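Contents: one structure, followed by commentary.
The values are calculated or read from the model by the stated rules, or taken from the named source; none is laboratory data. These numbers come from a predicted model, not from an experiment. Counting neighbours? That spans all protein chains shown, and the Cβs are built from the backbone with ideal geometry, glycine included. The accessibility values were calculated without ligands, DNA or RNA, using every heavy atom of the protein model including side chains. Shrake-Rupley method; radii C 1.70, N 1.55, O 1.52, S 1.80 Å.
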Amino acid sequence: MDLKIDTPNFRIRLDNEVGYLKVIGYQNEESTMFFSNTIKDLLKQYPHQRFASLCDLQELILDKPKNARIVNHTIKEIADQIEFKYNAIVISPKFLKIVEAFIFSFYLNNANIKSKIFFNHKSAIEWLEKNGFQLDEIKSHLIENHAI
């Protein structure tokens, strides 16, 4: 199953068992609900049992806790329905402590997923590949967009 979505707020790619999400800017309730509904629709059609993600949050502007809880609920739905194994998160080192605290307090709160923070895509990709996931299409997308 392949998926490609580009909006002003998100870039979403699904390549087999790996999802790529780039969050751009501030997320309001409308964009948060778009993300949540997209994931719910995707889960209805997802043909695999296991899943990993590469989340680029370098351009994220932290949103309201209310919206972050919607994202958290969506992430927990993924983990409840399929075997969500690994979550590689790329952030800017400049805001490490603030973003890390927000991510784990809100987005990943009580989500039973092995998550790891990285400062670049290359290291995140290597970690996911080391754990048995293929990211060929996602790597191509990142190369085309000069992210790696």
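Using only the C-alpha atoms of the stretch 23-148, find the volume of their convex hull and express it per residue in Å³.
108 Å³
Filter the DSSP H helices in the chain by two things, a Kyte-Doolittle mean of at least -1.0 and an axial alpha-carbon span of 20 angstrom or more, and list the hits by number.
Correct list, ordered by number: 29-45, 65-81.
Do you know the relative contact order of the stretch 21-66, to the nearest whole percent, from alpha carbon pairs under 8 angstrom that are 6+ apart?
Once divided by the residue count of the stretch 21-66, the mean separation gives 76 percent.
Cut-off under 12 Å on the C-alpha distance; same-chain residues fewer than 8 positions from K44 excluded. Which aspartates and glutamates are left, in chain and number order?
Hits, sequence-local ones excluded: E77.
Rolling a 1.4 angstrom probe over the protein heavy atoms, how many square angstrom per residue are accessible across the stretch 43-148?
I get 56 Å² per residue for the stretch 43-148.
With unit charges on the beta carbon (Lys/Arg positive, Asp/Glu negative), name the residue among N67, S140, P8 whose Cα is farthest towards the positive pole of the charge dipole of the chain.
Among N67, S140, P8, the one farthest towards the positive end of the dipole of the chain is N67.
Would you mind checking the pairs K97/K122; K66/K130; K94/K130; K66/K122; K66/K139; K64/K130 and listing those with alpha carbons more than 30 angstrom apart?
In this structure, K66/K130; K66/K122; K66/K139; K64/K130 exceed 30 Å between Cα atoms.
With +1 on the Cβ of every Lys and Arg and -1 on the Cβ of every Asp and Glu, and nothing else charged, how large is the dipole of the stretch 1-84 about its Cα centre, in debye rounded to the nearest 20?
Using Cβ point charges on Lys, Arg, Asp and Glu, the stretch 1-84 gives about 140 debye.
With every protein chain present, what accessible area does K4 have (1.4 Å probe, heavy atoms only), rounded to the nearest 10 Å²?
Solvent-accessible area, nearest 10 Å²: 150 Å².
Determine the calculated [θ] at 222 nm for the chain from helices alone, applying -39500 (n - 2.57) to every DSSP H run no shorter than 4 residues and normalising by the residue count; nearest 500 deg cm²/dmol.
Counting only the DSSP helices, I get -12500 deg cm²/dmol.
Under 8 Å for C-alpha pairs, at least 6 residues apart: give me the relative contact order for the chain, rounded to a whole percent.
Value for the chain: 22 percent.
Antiparallel versus total DSSP beta bridges in the stretch 1-120: what percent is that, nearest 5?
The answer is about 35 percent antiparallel.
How long, wide and thick is the stretch 96-148, going by the Cα atoms along their three principal axes, in whole angstroms, largest first?
Dimensions of the stretch 96-148 along the principal axes of its Cα atoms: 32, 24, 14 Å.
Leaving ligands, DNA and RNA out of it, work out the accessible area of E77 with a 1.4 Å probe and give it in Å² to the nearest 10.
So the heavy atoms of E77 present about 40 Å² to solvent.
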